[in-house]
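Chemist: Structure below; questions to follow.
The values are calculated or read from the model by the stated rules, or taken from the named source; none is laboratory data. Quick caveat: nothing in here was measured; it's all calculated off a predicted structure. Ideal geometry is used to build each Cβ from the backbone, glycine not excepted, and the neighbour counts take in all protein chains shown. Accessible surface areas use protein heavy atoms only, side chains included; no ligands, DNA or RNA. Shrake-Rupley method; radii C 1.70, N 1.55, O 1.52, S 1.80 Å.
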Amino acid sequence: MRHFDYKNGEMYAEDVPLRKIAEAVGTPCYVYSTATFERHYRVFADSFDGIEALVAYSVKANSNIAVLATLAKLGAGADVVSAGELARALIAGIPAHKIVFSGVGKTKAEMRDALEAGIRVFNVESLAELRALNAVALSMNTQAPVAFRVNPDVTAGGHEKISTGKKENKFGIAWSHAEAAYAEAAALPGIKIVGVDVHIGSQIDQLAPFEAAIAKCGDLIKTLRQQGHTIQSFDIGGGLGIPYGDNTKAPPLPSAYGALVKRLTADMNVEMIFEPGRMIAGNAGILLSEVLYVKQGEDRNFLIIDAAMNDLLRPALYDAYHDLEGVKAPARDFKQETYDVVGPICESGDTFMKGREMPALEEGDLVVLHSAGAYGAAQSSQYNTRPLVPEVMVRGDKFAIIRERPTVADILKTESIPDWD
Ligand code: LLP
């Protein structure tokens, strides 16, 4: 069931016409569907029925506190990578014992915040970080629960910039250093070893890389236990891809991913932790925009819309594909056109798609960029002094603004001209 679909000739988000949201909030704006968030969370969590599992939603995908609160009510935990994300998760009602802290560069202040909150586990990525965490924990008279993120040297991920599990990537403890890292951790009084962690990449559209990483980590868990370490949890990160509407291979369904994980971990006697981001949020949101101008170029038509790369960076950064549709359903006898769809920013990279065929659009038409719920608003910026794009949450026939559009005055408020003399 699609929660962004045409009814009575126009596109709705659940039971709200997108036109109404554009009138009330202005464009561009992100629109999310509560029902889709809930469905994706349940589909994912249900595929681990029968095993002990924590679904720690990866906050970086969409960190709005309304989104986090929606997931918290369903029992979600959180995977955070900064003190800011930790604060969001706690404010949204995610209990600290369901929060895992990832990232290669945690600061000591962030470690302190997380220890004070009482999070579930630190996913530690280097010996230097381990030593710093030990010192912080001892200064607070406590022990930090730790899993090492190991680097299994597995190829995975939809794009070079989001592949993380190869040895040349900055992530994780080198495979050949893992045993020594656990031995050092066991000797540190401020550290309590609790598990093993791995995350190999994002927008992964096959099961094989997951299988390879899980199997390798399974062997490591056995070895570590033989060496006397207590391994209670096994976190396999996120990374499951979603359909973006292009013709590339369809990613595996969560049920297939779940079946694979269950099969491979059946004898491991561990509690599983998952960190899905895109899978939960990606297709739960769209970016709503208006066509400003249609411009005839020398050899092509440009559709200039009011959303830009600062609002949705994915096409510029990863050559990502997003579907575009008009909010008005195409007339029965519609004319097909080919456009380069671009934003107003002064860079050629501000291009959402090139040479895309679609029903002809006109100035003033509203359009939807699909699959923008993950890494959309979360990666937006105010480049070109374009205020951060607002976010709207829909639930049934209701909608609410969950992040306001700042005014230019709001932006300028944080800046000042120094009074040198
Ligand atoms: N866990 C860790 C440690 C991660 O680094 C990530 C994503 C996730 C979980 C969630 O992965 P997911 O389930 O969403 O694939 N901005 C890029 C994606 C960057 C992913 C970064 N790490 C994009 O828009 O495609």
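Chemist: Give me a count of the residues in region 249-283 that are open to solvent by 10 Å² or more (accessible area, probe 1.4 Å), within 15 Å of the ligand (Cβ to nearest atom), of a type outside the set (A, V, I, L, M) and out of contact with any helix residue (DSSP H, G or I) (no Cβ under 7 Å at 6 or more places or on another chain).
Modeler: 3
Chemist: Looking only at region 102-126, count every residue that is open to solvent by 30 Å² or more (accessible area, probe 1.4 Å) and under 22 Å from PHE48 (Cα atoms) and tell me the total.
Modeler: 1
Chemist: Within the set of pairs 6 or more residues apart or between chains, which connect a residue that is over 19 Å from LEU312 (Cβ atoms) inside region 22-39 to a residue that is of a type in the set (D, E, K, R) with Cβ atoms less than 8 Å apart?
Modeler: Here the result reads THR34/GLU14; THR34/ARG395; ALA35/GLU14; ALA35/ARG395, each pair linking region 22-39 to a residue that is of a type in the set (D, E, K, R).
Chemist: Residue by residue through region 1-24, note down the ones that are of a type outside the set (Gly, Ala, Ser) and in contact with an Asp or Glu (Cβ under 9 Å, 6 or more places away or on another chain).
Modeler: HIS3, PHE4, TYR6, LYS7, MET11, TYR12, GLU14, ASP15, VAL16, PRO17, LEU18, ARG19
Chemist: Sticking with this structure for a sec: Looking only at residues that are part of a helix (DSSP H, G or I) and within 20 Å of TYR257 (Cβ to Cβ) in region 61-77, which one is farthest from the ligand (Cβ to nearest atom)?
Modeler: LEU71
Chemist: Restricting attention to region 100-114, does a residue exist that is closer than 29 Å to SER255 by Cα, out of contact with any Lys or Arg (no Cβ under 6 Å at 6 or more places or on another chain) and not aromatic (Phe, Trp, Tyr)? Steps first, answer last, please.
Modeler: Initial filter on region 100-114 (closer than 29 Å to SER255 by Cα): 100-103.
Filter again for out of contact with any Lys or Arg (no Cβ under 6 Å at 6 or more places or on another chain), leaving 101-103.
From what is left, the residues that are not aromatic (Phe, Trp, Tyr) are 102-103.
Scanning region 100-114, I find at least one residue that is closer than 29 Å to SER255 by Cα, out of contact with any Lys or Arg (no Cβ under 6 Å at 6 or more places or on another chain) and not aromatic (Phe, Trp, Tyr), so the answer is yes.
Chemist: Quickly run through region 194-222 and pick out the residues that are more than 14 Å from the ligand (Cβ to nearest atom) and touching a helix residue (DSSP H, G or I) at 6+ places or on another chain (Cβ under 8 Å).
Modeler: LEU207, GLU211, ILE214, ALA215, LYS216, GLY218, LEU220
Chemist: Right, next: Tally the residues that are outside any loop (DSSP other than H, G, I, E, B) and either in contact with a Lys or Arg (Cβ under 8 Å, 6 or more places away or on another chain) or among the aliphatic types (A, V, I, L, M) (or both), restricting the search to region 236-263.
Modeler: Adding up the residues that qualify gives 5.
Chemist: Additional query: Of the numbered conditions (1) surrounded by 13 or more Cβ atoms within 10 Å (Cβ to Cβ); (2) in contact (Cβ under 8 Å) with a residue 12 or more places away in the chain, GLY9 satisfies every one except a single condition; which is it?
Modeler: Result: GLY9 passes all but (1).
Chemist: Return only the number of the condition from (1) touching a Ser or Thr at 6+ places or on another chain (Cβ under 7 Å); (2) part of a helix (DSSP H, G or I) that ILE221 does not satisfy.
Modeler: ILE221 satisfies all of (1) touching a Ser or Thr at 6+ places or on another chain (Cβ under 7 Å); (2) part of a helix (DSSP H, G or I) except (1).
Chemist: Specify the residue that is nearest to the ligand (Cβ to nearest atom); the eligible residues are those in region 368-407 that are surrounded by fewer than 18 Cβ atoms within 10 Å (Cβ to Cβ) and closer than 23 Å to LEU303 by Cβ.
Modeler: GLN379
Quick grid of which residues meet (1) closer than 30 Å to PHE334 by Cβ; (2) in the same structural domain as ALA320 (by TED's automatic domain parsing):
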residue: VAL367; (1), (2): yes, yes
residue: SER380; (1), (2): no, yes
residue: ARG386; (1), (2): no, yes
residue: PHE399; (1), (2): yes, yes
residue: GLU404; (1), (2): no, yes
residue: THR407; (1), (2): no, yes
residue: PRO418; (1), (2): no, no
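Chemist: If you don't mind, another one. Return the residues of region 78-101 that are surrounded by fewer than 22 Cβ atoms within 10 Å (Cβ to Cβ) and within 16 Å of the ligand (Cβ to nearest atom); say none if nothing qualifies.
Modeler: Scanning region 78-101 gives VAL81, SER82, GLY84, ARG88, LYS98.
Chemist: Let me ask something else. Considering every residue within region 272-288, establish whether at least one is without any contact (Cβ under 8 Å) to a residue 60 or more places away in the chain and in a loop (DSSP other than H, G, I, E, B).
Modeler: Checked against the condition, which is being without any contact (Cβ under 8 Å) to a residue 60 or more places away in the chain and in a loop (DSSP other than H, G, I, E, B), region 272-288 yields no hits at all.
Chemist: In region 335-351, which residue that is acidic (Asp, Glu) and touching a Leu at 6+ places or on another chain (Cβ under 8 Å) is most open to solvent (accessible area, probe 1.4 Å)?
Modeler: Only one residue fits best here, namely GLU337.
Chemist: OK, next. Any residue in region 300-310 that is open to solvent by 40 Å² or more (accessible area, probe 1.4 Å) and modelled with pLDDT under 95? Spell out the reasoning first.
Modeler: As a first pass, look at region 300-310 and keep what is open to solvent by 40 Å² or more (accessible area, probe 1.4 Å): 300, 302.
Then keep just the ones that are modelled with pLDDT under 95; that gives 300.
Yes; the residues of region 300-310 include at least one that is open to solvent by 40 Å² or more (accessible area, probe 1.4 Å) and modelled with pLDDT under 95.
Chemist: Every residue in region 223-248 that is away from the ligand (no atom under 16 Å from the Cβ) and either of a type in the set (Phe, Trp, Tyr) or under 23 Å from the mean Cα position of the chain (by Cα) (or both), please. Write out each step before concluding.
Modeler: From region 223-248, those away from the ligand (no atom under 16 Å from the Cβ) are 223-232, 247; that's our starting set.
ASN247 - this is the single residue of region 223-248 that is away from the ligand (no atom under 16 Å from the Cβ) and either of a type in the set (Phe, Trp, Tyr) or under 23 Å from the mean Cα position of the chain (by Cα) (or both).
Chemist: Do we have any residue at all in region 298-306 that's within 16 Å of the ligand (Cβ to nearest atom), out of contact with any Leu (no Cβ under 7 Å at 6 or more places or on another chain), more than 30 Å from PHE101 (Cα to Cα) and part of a loop (DSSP other than H, G, I, E, B)?
Modeler: So far as region 298-306 goes, no, none of its residues is within 16 Å of the ligand (Cβ to nearest atom), out of contact with any Leu (no Cβ under 7 Å at 6 or more places or on another chain), more than 30 Å from PHE101 (Cα to Cα) and part of a loop (DSSP other than H, G, I, E, B).
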